[in-house]
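Okay, so here's the structure we're looking at.
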Amino acid sequence: MVPGLEPAELPADAIEVGRIHDAWGIKGWFKVLPHSASPEALFSSRRWFLLPPEKATKPAFTGAQLLRIREAKEHSDSVVALAHDVDDRNAAELLKGARVFVPRSSFPTPADDEFYWVDLLGAQVVNREGFVFGTVEDLMPTGPQTVLVIARQVDGQRAETLIPFVNAFVDTVDIAGKRITVDWQPGD
């Protein structure tokens, strides 16, 4: 039994947002490595859902678990957090490697011209003329901009198109309709 954890059902809209790296200090704090450079989702929810590490031979817990967060804050390139009933370093060490999930519904609302990557994945990408490039399979940070990685099948083979996700090339993003319209031509 790991202190602070309660068996729970993973919410249907749960998104993996990070992993617990290790204990931090002696008072029950632990360090989380977020999957995003902007870890707002970790700060917006006080209810984190944990799954054990994927390759653990003897995990400290099994199945989905609820962890009630008391405090979370940025620390260098990570996040440190303190949970209810995780009162010392030994208890925090039992969480090491756990995958952290937060319901998508608890993410902060983005600005009008901002999007969560998770909302773009699976969106169909078409140009102004109606040519379908495929669906967003991944997003690739390249420093000053992000690039949409779009995949489709052509004659039984996987084809990939890369389009910068910038205003110059992206006309509209319809999150509800899972559709992105771009000013881009096949072969560009």
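Summary of values
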quantity: Inter-centroid distance (Cα atoms) of segment 116-188 relative to segment 14-34, Å; calculated: 33
quantity: Built amide H within the under 5 Å cut-off of Gly18, gap 5+; calculated: His35, Val100
quantity: Among [x] -0.27, -0.42, -1.12; [y] -0.34, -0.51, -1.09; [z] -0.42, -0.53, -1.20, the entry that matches log10 I(q)/I(0) by the Debye sum over Cα atoms at q = 0.08, 0.10, 0.18 Å⁻¹ as calculated here; calculated: [y]
quantity: Size of electric dipole in the chain: Cβ of Lys, Arg +1 and of Asp, Glu -1, about Cα centre, debye, nearest 20; calculated: 760
quantity: Proximal charge balance of Ala12 [Cβ under 15 Å; K/R count +1, D/E count -1]; calculated: -1
quantity: HN-Hα J in Hz across segment 19-33 - Karplus 6.51, -1.76, 1.60, θ = phi - 60°, x for Gly and Pro; calculated: 9, 7, 7, 5, 5, 9, x, 10, 9, x, 5, 9, 9, 10, 9
quantity: Highest-MSF residue in the chain out of Ala64, Ala159, Ala14 [GNM, Cα springs under 10 Å]; calculated: Ala159
quantity: GNM flexibility winner over the chain from Pro164, Pro53, Pro141 (Cα, springs under 10 Å); calculated: Pro141
quantity: Cα-based shape type of segment 5-106, given that a ≥ b ≥ c are square roots of the gyration tensor eigenvalues and the cut on a/c is 1.5; calculated: rounded
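Values quoted throughout were computed directly from the atomic coordinates according to the rules given, and no laboratory measurement underlies them. Source: prediction; values computed, not measured. Cβ sites come from the backbone with ideal geometry, for glycine too, and all protein chains shown count toward neighbours.
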